[in-house]
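The values are calculated or read from the model by the stated rules, or taken from the named source; none is laboratory data. As the structure is a computational prediction, the values presented were derived from the model and not from experiment. As a convention, Cβ positions derive from the backbone with ideal geometry for all residues, glycine included, and neighbour counts pool all protein chains shown. Ligands, DNA and RNA are stripped out before the accessible areas are found, and what is left, the full protein with its side chains, is counted by its heavy atoms. Shrake-Rupley method; radii C 1.70, N 1.55, O 1.52, S 1.80 Å.
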Amino acid sequence: NVQDNSILVEKDTGRRYWRTPESSGADTTTTNSNVNDVAHFEGANPANSVIGEQITSGNALIGQTITSLSFWLYKLNSGSSGTETFTFGVWNSSGANVHEFGTVTRGELPQGTAFGNAVKFTKSTGSYVLQTNDILGIRTNSAPASAWTVEVTQRDSDVYSDGQRAIFVQGVTPTTSAKDIGFEVVSNTVTPATWTMEPTFRDDFSTNKGWTNLT
């Protein structure tokens, strides 16, 4: 809770410290749009079912601060009212939700018959630092009725480096497979705020003809 650009002076030593604010690097967009198929939210799925991409060891996204998350979606038919919601978020390797970026309703989704009909939806509430084996996913917040099916684009083979598809019910250990879900994230590297000690000097002119940096 220290204010940025504060100065701290140690009474006993006289040392001075400067509080450098947290800073962010340039945004980077990572996209997996190499898709040829779809994964389904349909009648057999219970509420809180999640479809997503698990980010595995070696992926450049690990340690990055994710600020937005996108998926490509469509629905097979209009079904009923279309008020069911789907949450974009991050889940850990145990299936627990660790961050939510926002929701879409089924009524917002276009109607289609193939993965090429899917439209990208983006949510960007808050931010999250991605950890190894976290899952970038989308959750259905109600059990799909038999009258409707929502599709999420995927690749029906493992082509995305250091990632894999994960399907599970929130709170249950995910089941993974050698497929990949289409997704996009915007991320950046955040440098934490730090204390920096200012240099102190002494008058050493008699021997060194100048000032000496003690730090």
Selection status of Arg139, surrounded by 14 or more Cβ atoms within 10 Å (Cβ to Cβ), under 15 Å from the mean Cα position of the chain (by Cα) and over 15 Å from Ser68 (Cα atoms)
yes
Assess whether Leu69 counts as being farther than 16 Å from His40 by Cα, among the aliphatic types (A, V, I, L, M) and either part of a strand (DSSP E or B) or modelled with pLDDT under 95 (or both).
yes
List the number of the failed condition for Asn133; all other conditions in (1) touching a His at 6+ places or on another chain (Cβ under 7 Å); (2) surrounded by 14 or more Cβ atoms within 10 Å (Cβ to Cβ); (3) assigned to a loop (DSSP other than H, G, I, E, B) hold.
(1)
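Quick one: is Thr29 hydroxyl-bearing (Ser, Thr, Tyr) and open to solvent by 70 Å² or more (accessible area, probe 1.4 Å)? Show your work before the answer.
Numbers: hydroxyl-bearing (Ser, Thr, Tyr): yes; open to solvent by 70 Å² or more (accessible area, probe 1.4 Å): yes.
Yes: the conditions hold for Thr29.
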Number of the exception - Leu61 against (1) more than 21 Å from Glu100 (Cα to Cα); (2) assigned to a loop (DSSP other than H, G, I, E, B):
(1)
